[in-house]
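Q: Got a structure for you, questions after.
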Amino acid sequence: MLVDEPLSGREGLDSAQTGLAPSEFADLYTEHSRAIYYLALRFLGDPQKAEDATHDVFLKAFRKMDQFRGESSWRTWLYRIAINHCRNLQQSWHDRHLFSNADEAVWENALAGTDSPLRVLETKELGERIQTALDGLPDEYRLLLLLVADAELSYEQVGALTEQSPDAVRGKLHRARKAFAVLFKKSDPLPEHETAIKT
Amino acid sequence: MKQQSKLNPEQQQQQAAEQQARRQPALEFATAEELLRYDLQHTAVPDGIAQRLQKSAGDLPPRPKPAWWKRLWGGNRS
């Protein structure tokens, strides 16, 4: 087997629940699909496109699994494929307005299925605000924030994925956080009940 | 006439949920990435992706066998 890294510490579904036949690839999907889907969802801003992108990224990974040499983690390898894929898609699309084409039902389906109706409502509203704020950021800042939000990635790994030094990541991240906080605050329809970011 | 009577049961339920949501203590996050992490945890991967993948992977043509000289000498030589 070409896979060197143990696929441990899985979160979410087990492979039997995903619908994929049990295999190393199913394990890979189980462990990393949420992170990849989330990146695509918030980077592209459209659930249907994020679904297509996630499918395409994992299919590409499936075809190239035997080329994985273990020089990076599976997560960063998948992120690299996902970032390239999303950037290519973005270059060919001009419909960057996030909610104009998105089907409301698809957004609702993107929320975790086990949540209560109240939690779904809150999370949906919060998700819309996050998306609005992210969409107001330059692509570079948006990508940095999404990558740093993945607790499994170090600044070094984020730097490698975005082709810059960890120090440059830190500097840009500082500005990205501030810009996001301003945009997020602006997106609140009910400022007296706002979900707040301290910084 | 009370406003509630103009609403259908579904709207009333949504209104009640919204009112209850407003009474909830506000969420507070230290940083943007903490908020995004929370959002990530509440985002579900659509089931359809795995099913599509299963089909797409099954539809791929079988990989061609390596050339005889690669099999003889090993695949790592360039």
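All of the numbers you see were taken from the coordinates with simple rules; none came from a lab. Since we're looking at a predicted model, the values are computed, not measured. Glycine also receives a Cβ, built like all others from the backbone with ideal geometry; neighbour counts cover every protein chain displayed.
Q: Based on other C-beta atoms within 10 Å, arrange A:33, A:23, A:187 from fewest to most.
A: In order of increasing Cβ crowding within 10 Å: A:23, A:187, A:33.
Q: For peptide A:32-42, how many partner chain Cβ atoms fall within 10 Å of a residue's Cβ, on average?
A: 4
Q: Using a 10 Å cut-off on Cβ atoms, rank the peptides A:152-165, A:131-144 from the highest mean neighbour count down.
A: Per-residue mean Cβ counts within 10 Å order the peptides as A:131-144, A:152-165.
Q: On average, how many beta carbons from a partner chain sit within 10 Å of the beta carbon of a residue in B:51-60?
A: For peptide B:51-60, the averaged partner shielding equals 6.
Q: Residue A:197's amide H: which non-local residues (gap 5+, or another chain) put their own amide H closer than 5 Å, with H modeled 1.01 Å from N in plane and none for Pro or chain starts?
A: When sequence neighbours closer than 5 places are left aside, the close amide H contacts are B:29.
Q: Let me ask you something else. Could you tell me which of the pairs A:124/A:185; A:64/B:55; A:49/A:186 are separated by over 20 angstrom between their Cα atoms in the structure shown?
A: Over 20 Å apart, Cα to Cα: A:49/A:186.
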